[in-house]
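Working notes, structure below.
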Amino acid sequence: MGKSNECCNSKSLGTELGMRQLTSQMRKLYIGKLFLWTSAFVLLGIMGALALEQAFDQSADTLFEHLSRGVSLSYEGVAFRA
């Protein structure tokens with residue numbers, strides 16, 4: 001009787017090991033890309049929060065200056081009594 005074509009012959013075994021290596025390399029690539037995109041997303045969120053904070057602060061200062069035009073908030077020379 002001849003050899004049977006089962007999964008254990010050398011050609012099939014080599015292909016299976018090659019696929020495992022390829023799968024392992026692809027997994028590493030995807031994990032690397034995932035962390036790269038995740039860190040970019042987090043960095044984008046932080047930068048967006050900082051930009052929003054600056055815009056809000058600047059808008060609030062401008063509004064305060066506009067509403068308090070002509071009003072003196074200086075308390076120099078005023079004696080406080082207890």
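The values are calculated or read from the model by the stated rules, or taken from the named source; none is laboratory data. Since we're looking at a predicted model, the values are computed, not measured. Every residue, glycine among them, receives a Cβ derived from its backbone with ideal geometry; neighbour counts consider all protein chains shown.
Here F56 clears all of (1) surrounded by 10 or more Cβ atoms within 10 Å (Cβ to Cβ); (2) more than 25 Å from the chain's Cα centre (by Cα); (3) at pLDDT 75 or above; (4) not β-branched (V, I, T) except the condition numbered (2).
Just one of the listed residues (T62, T15) is surrounded by 10 or more Cβ atoms within 10 Å (Cβ to Cβ), modelled with pLDDT of 80 or more and among the β-branched types (V, I, T), and it is T62.
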